[in-house]
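Written out below as structure tokens is the structure these notes cover.
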Amino acid sequence: MPPSYRGRLAPSPTGRLHLGHARTFWTAFQRARAAGGVLVLRNEDLDRDRAKPEFVAAFIEDLRWLGLTWDEGPDVGGPYGPYSQSERIESYRVTFDQLRESSRLYPCTCSRKDIQAALTAPHPVDDEPIYPGTCRPKLPESATQPSKTNRPQNWRFQVPDGEVIDFVDKRLGPQRFVAGRDFGDFVVWRHDDLPSYQLACVADDALMRISEVVRGADLLISTARQLLLYRALQLASPAFYHCPLMTDDHGVRLAKRHSGLSLAALREAGRDPAELRARWQDDRNRSSTLIDANKEPQATRVGLG
Ligand code: GLU
């Protein structure tokens, strides 16, 4: 029988991996190995402007340096390939067509600027603004065709306003989001004829038979969005485990611009990956007592010293 646990590492090749990514990927690796399961490496290279092939080679090198191994991926192949999102566009189109049949999609010609101008409330710092509904149709079934316009069109998923989306995160416990309040109608297909992250992620996690998604806690709200897509597509959703985020000494969340904390810089500085892994193991042992419903423990500071 094939192993029932299938996990994934899903880096975007838009810069060098930093310590925050590394710890999340290490957790995903540990969970897959502890379950005797399979780990998939997926190259999330859909961002045409920022994704670069040299960063694919770089994340493979960085993850290997860290001591991670995977069973399927762009470099090793496997039964659910291709493992680079840019090579999977046709399968996303199938998912998009299925979603269109669900009558929850509509074309939207609003630019980012239009949305900012129409907002009446401040938006969550960490997430996209709640779409003000300018292009939302009065009747959902009226919106299966593109509008007749020359303006670029995104396709949005109409969320069920007021509905509670809840799920039990494997680390954080019960999570609860309200559609229309915590997040609004979101883009599933972009005006440049590419799927959005939300659609590509759900399509791939389902097609690659992922049983547990391990990723950063910055994606908790996206999990709520994705659960709506799983439901609209009549697909079973995987389990979720959201890792704590890392901040620098000033409390700023690590991002690719923190180049001094990239794995490449640490390697060049002669750091030992075993030492990083041991530190994360200690953090994990300490925080395993922290699991508290609906409460995200403080992001962890890097403290390399
Ligand atoms: N490619 C995404 C990132 O690097 C990960 C998304 C996910 O794990 O679902 O942030």
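The values are calculated or read from the model by the stated rules, or taken from the named source; none is laboratory data. What you are looking at is a predicted structure, and each value in this text was computed from that prediction instead of being measured. Neighbour counts are summed over all protein chains in view; Cβ atoms, including those assigned to glycine, are modelled from backbone coordinates with ideal geometry.
A residue that is β-branched (Val, Ile, Thr), assigned to a loop (DSSP other than H, G, I, E, B), at pLDDT 95 or above and within 25 Å of residue 114 (Cβ to Cβ) occurs nowhere in the range 171-182. Quick check, is residue 255 within 12 Å of the ligand (Cβ to nearest atom) and surrounded by fewer than 15 Cβ atoms within 10 Å (Cβ to Cβ)? In short, yes. Annotation note: Cβ proximity below 8 Å between a residue of the range 193-214 that is free of Cβ contacts under 8 Å to residues at least 60 places away in the same chain and farther than 17 Å from residue 84 by Cβ and a residue that is within 12 Å of the ligand (Cβ to nearest atom) and not hydroxyl-bearing (Ser, Thr, Tyr) (sequence gap 6+ or interchain) occurs for 198/225; 198/226.
Tell me which residues, restricted to the range 185-198, are more than 12 Å from the ligand (Cβ to nearest atom) and farther than 19 Å from residue 133 by Cα. If the condition is that a residue be more than 12 Å from the ligand (Cβ to nearest atom) and farther than 19 Å from residue 133 by Cα, then 192, 193, 194, 195 are the ones that fit.
Assessment of the range 218-232 against the conditions (within 14 Å of the ligand (Cβ to nearest atom), within 14 Å of the chain's Cα centre (by Cα) and among the aromatic types (Phe, Trp, Tyr)) yields no matching residue.
With a requirement of 1 or more residues that are in contact (Cβ under 8 Å) with a residue 24 or more places away in the chain and small (Gly, Ala, Ser), the strands (runs of 3 or more DSSP E) lying completely within the range 1-111 that satisfy it span 6-9.
Filtering 159, 94, 125 for residues that are modelled with pLDDT under 95, of a type in the set (A, V, I, L, M) and closer than 26 Å to residue 46 by Cα leaves a single hit, 125. Exactly one residue out of 42, 8, 64 is more than 11 Å from the ligand (Cβ to nearest atom) and basic (Lys, Arg): that is 64. In this structure, residue 264 qualifies as in a helix (DSSP H, G or I), on the phi < 0 side of the Ramachandran plot, modelled with pLDDT of 85 or more and among the small types (Gly, Ala, Ser).
The lone criterion from (1) under 24 Å from residue 233 (Cα atoms); (2) within 16 Å of the ligand (Cβ to nearest atom) left unmet by residue 172 is number (1).
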